[in-house]
Amino acid sequence: MFAQVDGSKKSINFKDIDTSSSSKPLFSVKLTPLNGIPNITNSPYLYNIPLTDFFKKTSGVDMSATSNLIKPTWDIKQKFSEGQKNISKYSRDHYLGDIKTKSKFIRIKCRDHEYVDGDRIKLLLNKAIVHPNITLTGSYYIIDIELSEGFNTIEFEALNEGLSSPNTAELKIYNENDELLSSNRWLITTGYKARLIILKQ
């Protein structure tokens with residue numbers, strides 16, 4: 001605050017309206033006669049606290065302190081049968097069981113139920129090729145097969161083992177009324193077969 005003073009008094013104090021209060025003045029400024037640029041010698045106050053004290057105040061937060069918060073962790077509990085070093089036990093044909101039904105046809109659903117790595121199979125019915133090359137994915141591949149009277153042999157031949165051995169698949173068999181007849185899985189190496197026998201009565 002700057003002003004020219006006519007009298008000999010060199011300082012002016014602005015105090016609170018309540019003159020009985022013993023608190024420090026809200027503002028304290030020393031004024032000198034205007035001889036060029038005046039010099040301000042007193043520090044300004046804000047709420048009776050020197051303004052410079054606000055910049056000396058610390059936050060009270062130690063940024064170098066070690067956090068005691070618990071670090072989140074995740075455990076993967078799912079275990080795959082693929083990618084094993086010893087796969088010799090899967091180098092054989094796999095029997096999926098036998099089914100009796102009066103249904104005219106069956107609906108086959110198969111998929112890679114483990115690590116989807118490009119497993120491929122050939123589907124055969126009574127030694128005849130139904131589909132030469134099926135790539136198994138995470139979704140079910142669906143195919144309907146008309147049954148002959150008597151025994152029907154359905155085979156799934158492993159054409160490869162994908163990126164991770166062995167060839168793996170989940171199989172579900174339904175009748176013409178969409179009723180589940182069988183549910184099974186296989187783990188076989190290249191060239192071997194998973195075999196299912198169906199007796200149509």
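Bear in mind these aren't lab numbers, they're just calculated from the coordinates by the rules spelled out. Model, not experiment: these values are computed from the prediction. Every residue, glycine among them, receives a Cβ derived from its backbone with ideal geometry; neighbour counts consider all protein chains shown.
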Which residues, taken from region 120-135, are farther than 18 Å from I173 by Cβ and loosely packed, with under 15 Cβ neighbours inside 10 Å? K127, A128, I129, P132, N133, T135
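Does region 141-155 include one or more residues that are among the charged types (D, E, K, R) and crowded, with 16+ Cβ neighbours inside 10 Å? Steps first, please.
So the first thing to find is which residues in region 141-155 are among the charged types (D, E, K, R), and the list is 144, 146, 149, 155.
Next cut, crowded, with 16+ Cβ neighbours inside 10 Å only: 155.
Yes, the conditions are met somewhere in region 141-155.
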From the list E161, E170, which residue is out of contact with any helix residue (DSSP H, G or I) (no Cβ under 8 Å at 6 or more places or on another chain), crowded, with 17+ Cβ neighbours inside 10 Å, closer than 22 Å to S88 by Cα and not hydrophobic (A, V, I, L, M, F, W, C)? E161
